[in-house]
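Trainee: Below is one structure. I have some questions about it.
The values are calculated or read from the model by the stated rules, or taken from the named source; none is laboratory data. Just so it is clear, the model here is predicted, and its values are computed rather than measured. Positions of Cβ are generated from backbone atoms using ideal geometry, with glycine treated the same way; all protein chains shown enter the neighbour counts. Accessible surface areas use protein heavy atoms only, side chains included; no ligands, DNA or RNA. Shrake-Rupley method; radii C 1.70, N 1.55, O 1.52, S 1.80 Å.
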Amino acid sequence: APWCGHCKSLAPEYIKAAKKLTEQESSIKLAKVDATEETELAEEHGVRGYPTLKFFRSGSPIDYSGGRTADEIVSWLLKKTGPVAKELSSVDDAKAFIDGNNVAIIGFFKDSSSEAAKNFLAAANSIDDYPFGITADDSVYGEYKVDGEKVVLFKKFDEGRADLEGEVTEKNIKKFVTSQSLPLVVDFNHETAQKIFGGEIKSHLLMFLSQQEGHMDKYLEGAREVAKDFREQVLFVSINSDEEDHQRILEFFGMKKDEIPAMRLIRLEEDMAKYKPENAELSKDNIKSFVQEFIEGKLKQHLLSQDLPEDWDKTPVKVLVSSNFDEVVFDKEKDVLVEFYAPWCGHCKQLAPIYDQLGEKFKDSNTVLVAKMDATANELEHTKITSFPTLKLYTKGENKVVEYNGERTLEGLTKFLESGGEYGQAAPDEAEEEDEDDDLPLNVDIHNYGYFTADNWLSSPKNSPLGNII
């Protein structure tokens with residue numbers, strides 16, 4: 001789409017990829033379609049987001065699943081149309097292969113039918129982002145000082161070369177390529193984001209630095225040295241805080257620009273746990289200590305919380321933050337309805353006047369309390385919110401939690417409260433089916449962790465940890 005920012009970012013890389021294929025005298029052609037003009041064609045091929053890339057082979061389309069740089073596009077296409085690993089029969093072949101790619105993996109196998117060679121080819125077949133080569137040539141062995149069966153990754157950054165240690169299994173090769181194909185400290189951008197989140201390493205150290213203030217030059221070299229010790233456990237990522245798009249990330253961590261330079265750790269699991277260092281200094285020793293304590297499980301999760309407003313209970317709808325949540329909500333004498341909202345959420349804004357009316361309706365009740373909490377600025381250990389708005393009733397007595405899935409009207413919410421949570425309970429799958437596009441899943445539109453891009457998760461945003469952010 002002409003207006004799509006991600007399409008504009010892809011355009012120069014797409015052109016470079018086309019030129020590379022032409023230089024290689026490849027029969028593969030690259031083409032583009034303005035889907036805003038060719039609407040019927042886009043609909044015919046199930047285009048739901050931009051950019052969408054499809055590869056047509058003998059007239060049959062397959063979805064593109066590679067990266068967004070020229071090298072990655074070419075590598076993916078060559079994998080789909082030729083051998084999974086290129087035969088390198090001379091030193092010149094090997095040098096050209098290595099020089100022509102930012103990352104290149106070569107398998108050294110005298111016997112291509114050996115178990116290790118088969119594992120290498122299986123790994124090559126499953127990894128589309130990088131080119132694989134294979135050689136049995138003695139001169140290539142001698143040039144790169146290899147003995148026996150070996151897998152070597154050549155790269156134009158950091159150490160320049162990495163040799164797989166240990167058994168040559170498909171699993172080990174995949175893990176090796178994932179960890180060694182990225183720089184020791186990865187700069188977050190549109191091109192790297194997909195690799196950061198598509199890899200097996202789900203624990204990330206984020207370093208928030210200002211390029212304008214010279215932080216990159218001051219801190220990155222030390223961080224690279226530390227990163228070597230944790231290469232397959234924690235991914236080190238640098239984020240340029242000067243970029244406007246990256247302000248979302250600061251918001252997600254509850255940070256302000258005057259805290260830069262800074263670091264945080266995040267574990268990309270279901271709870272998206274975040275960790276903040278006691279000492280903010282970005283020295284090598286402090287970074288190493290912070291990461292080591294994280295790995296050893298010694299750090300306590302950092303939860304965001306706003307200060308409690310003095311007038312939090314002055315209006316019919318009570319204002320909750322992390323610090324007063326448990327005291328107010330787990331009152332065994334009252335049914336407490338809580339709206340978990342996001343300030344930017346359109347559905348939350350639509351609900352606001354109705355919710356205020358609901359608060360007014362029950363303001364004099366001794367057994368019902370209506371409250372709300374900004375869930376983007378306040379986090380709870382016992383409750384994780386996955387869509388906005390989320391409405392939960394905490395019943396009096398046993399504090400049972402009942403989620404409301406009924407119509408967002410004053411009448412519907414009133415019935416829900418008056419029935420003690422009986423009215424408005426739909427089966428989870430039924431509620432999702434009826435209201436699929438109404439709620440905004442946290443992992444689609446929360447805009448709270450700019451770490452992700454639409455490019456990364458466009459194919460299946462609901463399955464990503466946090467999804468479409470930038």
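Trainee: Filter the range 148-193 down to residues that are in contact (Cβ under 8 Å) with a residue 60 or more places away in the chain and more than 28 Å from Lys118 (Cβ to Cβ) and give me whichever is nearest to the chain's Cα centre (by Cα).
Mentor: Ala193
Trainee: Going by the conditions given, is Ile196 in contact with a helix residue (DSSP H, G or I) (Cβ under 9 Å, 6 or more places away or on another chain), closer than 20 Å to Phe294 by Cα and open to solvent by less than 60 Å² (accessible area, probe 1.4 Å)? Spell out how you get there, then give the answer.
Mentor: On the way: in contact with a helix residue (DSSP H, G or I) (Cβ under 9 Å, 6 or more places away or on another chain): yes; closer than 20 Å to Phe294 by Cα: yes; open to solvent by less than 60 Å² (accessible area, probe 1.4 Å): yes.
Criteria met by Ile196.
Trainee: While we're looking at this one, here's another question. Going by the conditions given, is Met216 within 15 Å of Leu282 (Cβ to Cβ), under 22 Å from the mean Cα position of the chain (by Cα) and in contact (Cβ under 8 Å) with a residue 12 or more places away in the chain? Steps first, please.
Mentor: Numbers: within 15 Å of Leu282 (Cβ to Cβ): yes; under 22 Å from the mean Cα position of the chain (by Cα): no; in contact (Cβ under 8 Å) with a residue 12 or more places away in the chain: yes.
In short, no.
Trainee: Return the residues of the range 219-235 that are farther than 17 Å from Glu296 by Cα and either without any contact (Cβ under 8 Å) to a residue 60 or more places away in the chain or of a type in the set (S, T, N, Q) (or both); say none if nothing qualifies.
Mentor: Keep residues of the range 219-235 that are farther than 17 Å from Glu296 by Cα, which gives 219-225, 228.
Across the range 219-235, the qualifying residues are Leu220, Glu221, Glu225, Lys228.
Trainee: From the list Asp356, Asp313, Asp331, Asp335, which residue is modelled with pLDDT of 90 or more, of a type outside the set (Ser, Thr, Tyr) and open to solvent by 70 Å² or more (accessible area, probe 1.4 Å)? Let's see the steps before the verdict.
Mentor: Details: Asp313 fails: open to solvent by 70 Å² or more (accessible area, probe 1.4 Å); Asp331 fails: open to solvent by 70 Å² or more (accessible area, probe 1.4 Å); Asp335 fails: open to solvent by 70 Å² or more (accessible area, probe 1.4 Å).
Being modelled with pLDDT of 90 or more, of a type outside the set (Ser, Thr, Tyr) and open to solvent by 70 Å² or more (accessible area, probe 1.4 Å) holds for just one of Asp356, Asp313, Asp331, Asp335, which is Asp356.
Trainee: Further question on the same structure: Can you confirm whether Ser65 is farther than 30 Å from Gly199 by Cα and among the polar types (S, T, N, Q)? Talk me through it step by step, then tell me what you get.
Mentor: Numbers: farther than 30 Å from Gly199 by Cα: no; among the polar types (S, T, N, Q): yes.
Against the criterion (farther than 30 Å from Gly199 by Cα and among the polar types (S, T, N, Q)), Ser65 does not qualify.
Trainee: Would the range 284-306 turn up any residue that is under 19 Å from Ala375 (Cα atoms) and among the aliphatic types (A, V, I, L, M)? Steps first, please.
Mentor: First, the residues of the range 284-306 that are under 19 Å from Ala375 (Cα atoms): 301-306.
Within this subset, residues satisfying the condition of being among the aliphatic types (A, V, I, L, M) are 303-304.
Yes, there is a match, as at least one residue in the range 284-306 is under 19 Å from Ala375 (Cα atoms) and among the aliphatic types (A, V, I, L, M).
Trainee: Considering each residue of the range 1-19, count those that are in a loop (DSSP other than H, G, I, E, B) and surrounded by 13 or more Cβ atoms within 10 Å (Cβ to Cβ), and give that number. Working first, answer last.
Mentor: The first filter runs over the range 1-19 and keeps only residues in a loop (DSSP other than H, G, I, E, B), leaving 1-4.
Pick out the ones that are also surrounded by 13 or more Cβ atoms within 10 Å (Cβ to Cβ) and you get 1, 4.
Residues meeting the conditions: 2.
Trainee: Let me ask another. Looking only at the range 157-193, count every residue that is among the hydroxyl-bearing types (Ser, Thr, Tyr), open to solvent by less than 20 Å² (accessible area, probe 1.4 Å) and assigned to a loop (DSSP other than H, G, I, E, B) and tell me the total. Please lay out each step first, then the result.
Mentor: Taking the range 157-193 and keeping what is among the hydroxyl-bearing types (Ser, Thr, Tyr), we get 169, 178-179, 181, 192.
Then keep just the ones that are open to solvent by less than 20 Å² (accessible area, probe 1.4 Å); that gives 179, 181.
With assigned to a loop (DSSP other than H, G, I, E, B) added as a condition, the list becomes 181.
Number satisfying all stated conditions: 1.
Trainee: Then there is this: Filter the range 269-283 for residues that are farther than 30 Å from Ala371 by Cα and of a type in the set (A, V, I, L, M, F, W, C) and give the result. Full working, then the answer.
Mentor: Filtering the range 269-283 for residues farther than 30 Å from Ala371 by Cα gives 277-283.
Listed by number, the residues that qualify are Ala280, Leu282.
Trainee: Kindly indicate which of Leu206, Leu282, Leu220 is buried (at least 19 other Cβ atoms within 10 Å of the Cβ), touching a Ser or Thr at 6+ places or on another chain (Cβ under 7 Å), modelled with pLDDT of 90 or more and not β-branched (Val, Ile, Thr). Walk me through how you get there before you give the answer.
Mentor: Numbers: Leu206 fails: touching a Ser or Thr at 6+ places or on another chain (Cβ under 7 Å); Leu282 fails: touching a Ser or Thr at 6+ places or on another chain (Cβ under 7 Å).
Selected residue: Leu220, the only one of Leu206, Leu282, Leu220 that is buried (at least 19 other Cβ atoms within 10 Å of the Cβ), touching a Ser or Thr at 6+ places or on another chain (Cβ under 7 Å), modelled with pLDDT of 90 or more and not β-branched (Val, Ile, Thr).
Trainee: Could you please find all residues in the range 32-81 being within 30 Å of Asn102 (Cβ to Cβ), in contact (Cβ under 8 Å) with a residue 24 or more places away in the chain and exposed (fewer than 13 other Cβ atoms within 10 Å of the Cβ)?
Mentor: Arg57, Asp63, Thr81
Trainee: Quick one: Val370 ticks every box in (1) assigned to a loop (DSSP other than H, G, I, E, B); (2) in contact with a Phe, Trp or Tyr (Cβ under 8 Å, 6 or more places away or on another chain) bar one, so which box is it?
Mentor: (1)
Trainee: What residue, among those in the range 1-19 that are within 26 Å of the chain's Cα centre (by Cα) and aliphatic (A, V, I, L, M), is farthest from Gly100 (Cα to Cα)?
Mentor: If we filter the range 1-19 for residues that are within 26 Å of the chain's Cα centre (by Cα), which is where we start, we get 1-14, 17.
In the following step, the residues that additionally are aliphatic (A, V, I, L, M) were identified as 1, 10-11, 17.
Numbers: Ala1: 31, Leu10: 20, Ala11: 21, Ala17: 13 Å.
It comes out as Ala1.
Trainee: Let me ask something additional. Restricting attention to the range 258-288, which residues are within 23 Å of the chain's Cα centre (by Cα) and among the hydroxyl-bearing types (Ser, Thr, Tyr)? Walk me through it before giving the result.
Mentor: As a first pass, look at the range 258-288 and keep what is within 23 Å of the chain's Cα centre (by Cα): 260-277, 287.
Of everything in the range 258-288, just one residue is within 23 Å of the chain's Cα centre (by Cα) and among the hydroxyl-bearing types (Ser, Thr, Tyr), namely Tyr275.
Trainee: A further question follows. If I filter the range 98-117 for residues that are in contact with a Lys or Arg (Cβ under 7 Å, 6 or more places away or on another chain), open to solvent by 40 Å² or more (accessible area, probe 1.4 Å) and either under 28 Å from Ile196 (Cβ atoms) or among the aromatic types (Phe, Trp, Tyr) (or both), do I get at least one hit?
Mentor: To start, the set of residues in the range 98-117 that are in contact with a Lys or Arg (Cβ under 7 Å, 6 or more places away or on another chain) comprises 102-103, 108.
Subset that is open to solvent by 40 Å² or more (accessible area, probe 1.4 Å): 102.
Filter again for either under 28 Å from Ile196 (Cβ atoms) or among the aromatic types (Phe, Trp, Tyr) (or both), leaving 102.
Yes; the residues of the range 98-117 include at least one that is in contact with a Lys or Arg (Cβ under 7 Å, 6 or more places away or on another chain), open to solvent by 40 Å² or more (accessible area, probe 1.4 Å) and either under 28 Å from Ile196 (Cβ atoms) or among the aromatic types (Phe, Trp, Tyr) (or both).
Trainee: Here is a further query. Mind listing whichever residues of the range 376-393 are assigned to a loop (DSSP other than H, G, I, E, B), within 23 Å of Glu422 (Cα to Cα) and open to solvent by less than 10 Å² (accessible area, probe 1.4 Å)?
Mentor: Answer for the range 376-393, where residues must be assigned to a loop (DSSP other than H, G, I, E, B), within 23 Å of Glu422 (Cα to Cα) and open to solvent by less than 10 Å² (accessible area, probe 1.4 Å): just Pro389.
Trainee: Can you name the residue in the range 20-30 that is surrounded by fewer than 13 Cβ atoms within 10 Å (Cβ to Cβ) and either under 25 Å from the mean Cα position of the chain (by Cα) or not polar (S, T, N, Q) (or both) and, of all such residues, is nearest to Ser58 (Cα to Cα)? Don't jump to the end; show me each part of the working.
Mentor: Initially, the range 20-30 is screened for residues surrounded by fewer than 13 Cβ atoms within 10 Å (Cβ to Cβ), giving 22-25, 27, 29.
With either under 25 Å from the mean Cα position of the chain (by Cα) or not polar (S, T, N, Q) (or both) added as a condition, the list becomes 23, 25, 29.
Working: Glu23: 23, Glu25: 19, Lys29: 13 Å.
Per the stated criteria, the residue is Lys29.
Trainee: Follow-up. Has the range 293-306 got at least one residue that is in contact (Cβ under 8 Å) with a residue 12 or more places away in the chain, crowded, with 18+ Cβ neighbours inside 10 Å and among the β-branched types (Val, Ile, Thr)?
Mentor: Checked against the condition, which is being in contact (Cβ under 8 Å) with a residue 12 or more places away in the chain, crowded, with 18+ Cβ neighbours inside 10 Å and among the β-branched types (Val, Ile, Thr), the range 293-306 yields no hits at all.
Trainee: A further question on this structure: Residue by residue through the range 397-409, note down the ones that are surrounded by fewer than 17 Cβ atoms within 10 Å (Cβ to Cβ) and under 21 Å from Asn366 (Cβ atoms).
Mentor: Correct list: Gly397, Glu398, Asn399, Lys400.
Trainee: Could you please let me know if Asp245 is part of a loop (DSSP other than H, G, I, E, B) and either open to solvent by 40 Å² or more (accessible area, probe 1.4 Å) or at positive phi (or both)?
Mentor: Details: part of a loop (DSSP other than H, G, I, E, B): no; either open to solvent by 40 Å² or more (accessible area, probe 1.4 Å) or at positive phi (or both): yes.
In short, no.
The rows are residues; the columns are (1) at pLDDT below 50; (2) surrounded by 16 or more Cβ atoms within 10 Å (Cβ to Cβ); (3) more than 28 Å from the chain's Cα centre (by Cα).
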position	(1), (2), (3)
Ala371	no, yes, yes
Phe416	no, yes, yes
Gln425	no, yes, yes
Glu432	yes, no, no
Asn443	yes, yes, no
Asp455	yes, yes, no
Asn468	yes, yes, no
